[in-house]
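In what follows, a single structure is set out as structure tokens and then discussed.
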Amino acid sequence: MPKTEIVNDLLSERKQFILIGLTGRTGSGCTTAASILAGDQSSFPNVIDVTVDGERFFEGLDEKRFNILSNYAKENHQPFISIKVSDFITAYLLLVPTNELIDYIALWTDKRDEVAQLIQKSSILSKTLSSKSNDAIKIITNHDVKLELSKKEIEHFPKSLDRISQVTKYIKEGLNSISSDLFVTVYQDAGNKIRQYGKVAISGPEDQNAIKHLPETINRVVKGLRKHKGDKPCYIVIDAIRNPYEAKYFKDRYSAFYLVSVNAPNEDRISYLQKVHKYSLEQIKKLDSRESGYKEKKNQQDSKKALSSDLMTQNVKRCIEISDIHIFNPRKEPENHNVLASQLIWYTALMQHPGLVTPTSVERTMQFAISAKTNSGCISRQVGAVVTDQDYSVKSIGWNDVPKGQTPCNLRSYKGLKSGFDPVEYSLYERSDSTFRTVAEKKYQQIIHVEKSGRNASYCFKTVKNSIEPKENNQVHTRSLHAEENAFLQLTKYGTSGIEGGFLFTTASPCELCSKKAYQLGISKIFFVDPYPGIAIDHILTIGSKPPELVQFRGAVGKAYHQLYEPLMPCKDELEFMAQGSD
């Protein structure tokens, strides 16, 4: 076999199958991204047309990178098949008896008669289509049926999925005509019910295996579409993943899977939801609360219930945090998708052929922060931070952890607290305060069984201390320095030359205290992946004459950083092999 064919065969593995899971808050543009990926080359913008507020989106070497990736994408374009999680939820809804479904939807609106009329018409529509889409319904909803479609069913599989999409579209238009946010509210809750009960129901016994239902459903459809494609390339985009454990399901099964978060500036997103979807501010507030994974816990019993259901609800905030690729989507011009399309072109080209270009300066530096956070001994949340000058030259790196000389929380334990009195490992307060030790012992008894599995029963001092005091969530009691704080303190050891006007990279936007320190150091830009709860953005960083600019990170990080930017072989060698094949 000629060398050029060997090289092509090695590279073709990446080209044969790509699976993208989109995530992001409602209104950020996941559905638009899916449509672009499913479209043709007409959506490919020229670099001069990719602008934000009249300024070029790609500058300097990034413009050259984009041109190389865009040229490759045009020559190797392959439309994605878009599958919607909402269609799978529709399939589950179709299994609910009509009267029960009316009762279920009526929980969110007082217009019961309009709901009844819509559901009855939807039922007629679904029955009309069901005779032609039995194979899709079977694969989507019956978890006891293995994927063994006939040749004819495989041939018509995409069409049968499309028929379910028609029902979804009809229900969506009907629900939104009743209330602008009713479709999203009903379908988000229905998704949570499927994760909790394995079906859509107002209440019922929890099924510990139900959390797997939706990802297993999607996976069966993915397999069906791959069979339909046969030997041809199969590119699939899932719109959209909103539960972090569903994302993990695909990460564990497919090396070709990428979780892509689409992030819009909050002001632009709110404006878009108000103007296009007619949402009120109150509706948006409720929507954001549902998607954040936040639950109000009124008492200890509520806390236990909330904790048990955390796995089963949507948590877009966490999905964004664990995403492989982060895409920026300005929404000031609802019909202008050039910025979004250009980034999708960038990363799909790298998925097909890794190493075509090198990472951007922003990606390279954020990757340092992502790597740094794994050093953290915090058992609540790991955060990494990097401080650079204006040329992205790294000046310091930090992660959230206890001060030097103390034992990190993940290396301490309830058992050690109970039986050990080492002053280096446990404080005088922990060793001598009877109230604290009593509360800690009760918490230890609740999780003592984890030690039987070989796990270390680590504990968070702040959590135990705050459970004693009437004021909850008191950050004063945390043992750890924040990642940004740690990075800033490194500067006091090694100097702050070049920091004025420099940049801070952090895996979570800084809290109020760290924001003030960044301001004082003269940091000009703060790049972040995950928004931190609090008022730092609206209060600390929007006042004064020279506030730092807060920038939502865009790019690839983590494992995807290496998957996309590490070439199969040196570019020179690949070109030489290809040149030999042209003789």
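When exposed loop sites are taken as trypsin sites (Lys or Arg not before Pro) in a DSSP loop with at most 11 other Cβ atoms within 10 Å, the longest stretch of the chain clear of them is 147-297.
When only the Cβ of Lys, Arg, Asp and Glu is charged (+1, +1, -1, -1), the dipole of the chain relative to its Cα centre reaches about 1620 debye. Per-residue extension of 0.36 nm, minus the Cα-Cα distance of GLN390 and LYS227, leaves a gain of 53.6 nm for this segment. Taking every C-alpha pair closer than 8 Å and separated by at least 6 residues, the mean separation divided by the residue count of the stretch 428-524 gives a relative contact order of 19 percent.
Any chance you could run the full-extension gain for HIS77 through LYS15? It's 0.36 nm times the residue separation minus the Cα-Cα distance, nm to one decimal.
21.3 nm
Separation of the alpha carbons by more than 27 angstrom is noted, of LYS84/LYS227; LYS373/LYS395; LYS172/LYS332; LYS121/LYS151, for LYS121/LYS151. In a reduced charge model with +1 at each Lys and Arg Cβ and -1 at each Asp and Glu Cβ, the stretch 191-236 shows a dipole moment near 280 debye about its Cα centre.
On full extension, the segment bounded by ASP49 and SER280 gains 79.9 nm, given 0.36 nm per residue less the C-alpha separation. Computed on the chain, with alpha-carbon pairs under 8 angstrom and 6+ residues apart, the relative contact order is 18 percent. Cα extents for the chain along the principal axes, largest to smallest and rounded to whole angstrom: 73, 68, 51. For the chain, DSSP calls about 35 percent of its internal beta bridges antiparallel.
Computed from the C-beta positions of SER177 and ILE322, the FRET efficiency with R₀ = 30 Å rounds to 0.25. Rounded to the nearest 500, the 222 nm mean residue ellipticity of the chain from helices alone is -15500 deg cm²/dmol, with -39,500 (n - 2.57) taken per DSSP H run of at least 4 residues.
Within the accessible area of the chain, what % is carbon and sulfur when the probe is 1.4 Å and the other protein chains stay in place? So the carbon and sulfur contribution to the accessible surface is 51 percent.
Shape class of the stretch 212-273 from the alpha-carbon gyration tensor: prolate, with a/c at 1.5 or above and a/b greater than b/c. With the dipole of the chain worked out from charges on the C-beta (+1 for Lys and Arg, -1 for Asp and Glu) around the Cα centre, which of THR407, ILE154, GLY29 lies farthest toward the positive end? Value: THR407. Ranking GLY230, VAL260, ILE218 by Cα position along the charge dipole of the stretch 204-260, where only Lys, Arg, Asp and Glu carry charges on their C-beta atoms, puts GLY230 farthest toward the positive end.
Projecting the Cα atoms of PRO354, SER396, GLY377 onto the charge dipole of the stretch 322-401 (Cβ charges, centred on the Cα centre) puts GLY377 farthest toward the positive pole.
The values are calculated or read from the model by the stated rules, or taken from the named source; none is laboratory data. Please read these numbers as outputs of a predicted model, since none were measured by experiment. Here Cβ is always computed from backbone atoms with ideal geometry, including for glycine, and neighbour counts include all displayed protein chains. The area values use the complete protein model at the heavy-atom level, side chains included, leaving out ligands, DNA and RNA. Shrake-Rupley method; radii C 1.70, N 1.55, O 1.52, S 1.80 Å.
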